[in-house]
1. For region 47-66, give me the residue count where each residue is outside any helix (DSSP H, G or I) and either surrounded by 14 or more Cβ atoms within 10 Å (Cβ to Cβ) or in contact with a strand residue (DSSP E or B) (Cβ under 8 Å, 6 or more places away or on another chain) (or both).
2. Would you pick out the residues in region 189-205 that are without any contact (Cβ under 8 Å) to a residue 12 or more places away in the chain and surrounded by fewer than 12 Cβ atoms within 10 Å (Cβ to Cβ)?
3. Tell me whether region 116-129 contains one or more residues that are free of Cβ contacts under 8 Å to residues at least 60 places away in the same chain and more than 25 Å from LEU42 (Cβ to Cβ).
4. Among the residues in region 147-166, are any charged (D, E, K, R), open to solvent by 80 Å² or more (accessible area, probe 1.4 Å) and more than 30 Å from HIS38 (Cβ to Cβ)?
5. Does region 190-203 contain at least one residue that is β-branched (Val, Ile, Thr) and within 21 Å of the chain's Cα centre (by Cα)?
6. With (1) under 26 Å from PHE121 (Cα atoms); (2) surrounded by 17 or more Cβ atoms within 10 Å (Cβ to Cβ); (3) of a type outside the set (Phe, Trp, Tyr) as the list, and GLU79 as the residue in question, which single condition is left unmet?
7. Tally the residues that are touching a His at 6+ places or on another chain (Cβ under 9 Å) and more than 30 Å from ILE22 (Cβ to Cβ), restricting the search to region 133-182.
8. Mind telling me which of the residues LEU10, LEU26, LEU91 ends up being in contact (Cβ under 8 Å) with a residue 60 or more places away in the chain and among the hydrophobic types (A, V, I, L, M, F, W, C)?
Amino acid sequence: MLHLRGAPALSGSRSSELLRKIRTLLPAVSDLSAEFQHFVELTPGTEALESDSLDVLQQLLTYGPRDEVGNDEEPEGIEQSLLVVPRPGTLSPWSSKATDIARICGLTQIARIERGITYRFVHADPIDLQPALPFIHDRMTESILQSPAQAVQLFEKSEPQPLKTVDILKQGRQALVDADRNLGLALSEDEIDYLVDSFREIGRN
């Protein structure tokens, strides 16, 4: 797997707005930045890209907000990073388009490109970033990793599992509660209620 850093993922104004929202719950956070991270799976038998191909790939992955001219001083405090990526086992729309574009440009050694965002928080004292998570990721479609090296799991292949049915019509809400626990769906209480009501309304499990 290749790991290529990208441009800032947020403009200055969007970064400031996100910081403002997070500080309503975590006032100790003094600074926030976000940066695209790209992960590239090569085709079997390809150990590395040649320099010309790597140059083309880097040009394709150069996009997004430019670094704004301003204060270059590093913010003081403890820095903590979280990497947000698509949930392992899924294929994001961005990945499909980026991979197709790379192949059209002659990069046939590339099997797949995926993207994540590293969020860097600066704070004066050690804090738990858990309250900030809803602001930076969708737990239904995304996962949080502690380091780019863990992104290799994005490309892990697994055999399809047999279809399972959650019998809401006969067993009610508890059937989905049990499935949530056993399958690790990470559904909230309101999401469970919504799904139960919706499937009862259409009369199917």
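The values are calculated or read from the model by the stated rules, or taken from the named source; none is laboratory data. What you are looking at is a predicted structure, and each value in this text was computed from that prediction instead of being measured. In this analysis, Cβ positions are derived from the backbone assuming ideal geometry, glycine residues included, and neighbour counts consider all displayed protein chains. Surface accessibility is based on the protein's heavy atoms, side chains included, excluding ligands, DNA and RNA. Shrake-Rupley method; radii C 1.70, N 1.55, O 1.52, S 1.80 Å.
1. Quick first cut of region 47-66, residues outside any helix (DSSP H, G or I) only: 47-50, 61-66.
Filter again for either surrounded by 14 or more Cβ atoms within 10 Å (Cβ to Cβ) or in contact with a strand residue (DSSP E or B) (Cβ under 8 Å, 6 or more places away or on another chain) (or both), leaving 48-49, 61-66.
Residues flagged as outside any helix (DSSP H, G or I) and either surrounded by 14 or more Cβ atoms within 10 Å (Cβ to Cβ) or in contact with a strand residue (DSSP E or B) (Cβ under 8 Å, 6 or more places away or on another chain) (or both) within region 47-66 amount to 8.
2. GLU189, ASP190, ASP197, SER198, GLU201, ILE202
3. Here is the first cut: in region 116-129, the residues free of Cβ contacts under 8 Å to residues at least 60 places away in the same chain are 126, 128.
Then drop every residue that is not more than 25 Å from LEU42 (Cβ to Cβ), which leaves 126, 128.
Taking every residue of region 116-129 in turn, at least one turns out to be free of Cβ contacts under 8 Å to residues at least 60 places away in the same chain and more than 25 Å from LEU42 (Cβ to Cβ).
4. Narrowing region 147-166 to residues charged (D, E, K, R): 156-157, 159, 164.
Still in the running and open to solvent by 80 Å² or more (accessible area, probe 1.4 Å): 156-157, 159, 164.
Then drop every residue that is not more than 30 Å from HIS38 (Cβ to Cβ), which leaves 164.
The answer is yes; a qualifying residue exists.
5. As a first pass, look at region 190-203 and keep what is β-branched (Val, Ile, Thr): 192, 196, 202.
Okay, now just the ones that are also within 21 Å of the chain's Cα centre (by Cα), so none.
The answer is no; no qualifying residue exists.
6. The one condition GLU79 does not meet is (2).
7. Residues of region 133-182 touching a His at 6+ places or on another chain (Cβ under 9 Å): 143-144, 148-149, 151.
Next, from what is left, pick out any that are more than 30 Å from ILE22 (Cβ to Cβ): none.
Residues that pass the stated criteria total 0.
8. Answer to the selection: LEU26.
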